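The values are calculated or read from the model by the stated rules, or taken from the named source; none is laboratory data. For clarity, every value in this text was computed on a predicted model and none was experimentally measured. Don't worry about glycine lacking a Cβ; one is built from the backbone with ideal geometry, like all the others, and counts go over all protein chains shown. Surface accessibility is based on the protein's heavy atoms, side chains included, excluding ligands, DNA and RNA. Shrake-Rupley method; radii C 1.70, N 1.55, O 1.52, S 1.80 Å.
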Amino acid sequence: MDINNKARIHWACRRGMRELDISIMPFFEHEYDTLSDSEKQAFVRLLTCDDPDLFNWLMNHGSPEDPELAQMVALIQSRNMARGPVAL
């Protein structure tokens, strides 16, 4: 997936699992444009992972073996925490 195709990335962020949606969507909407190209590539790669894996990683029940993906998960968690709760 092209890191500049924001419409396609936005669609890939929609997971259908509420816990993932409230972690991934706000990060994409508020932070994606500030990421470096390598971080954008890691984010797009993260979106290709299975939902159960994403859920476990984002809820601190393990971490990806790939160091770039692990760093992206940590970045999502820290930026979401700094931004505060999501309005539902």
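Some points to look at:
Residue by residue, here is whether (1) modelled with pLDDT under 95; (2) open to solvent by 70 Å² or more (accessible area, probe 1.4 Å) holds:
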position	(1), (2)
39	no, no
48	no, yes
57	no, no
64	no, no
74	no, no
81	yes, yes
84	yes, no
88	yes, yes
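- Entry remark, the range 41-58: residues being of a type outside the set (Gly, Ala, Ser) and touching a helix residue (DSSP H, G or I) at 6+ places or on another chain (Cβ under 7 Å) number 10 in total.
- Note on the range 24-37: residues that are surrounded by 15 or more Cβ atoms within 10 Å (Cβ to Cβ) and assigned to a helix (DSSP H, G or I) total 7.
- Filter result for the condition that a residue is part of a helix (DSSP H, G or I), open to solvent by 40 Å² or more (accessible area, probe 1.4 Å) and modelled with pLDDT of 95 or more, over 21, 53: 53
- Just one of the listed residues (79, 15) is under 11 Å from the mean Cα position of the chain (by Cα) and part of a loop (DSSP other than H, G, I, E, B), namely 15.
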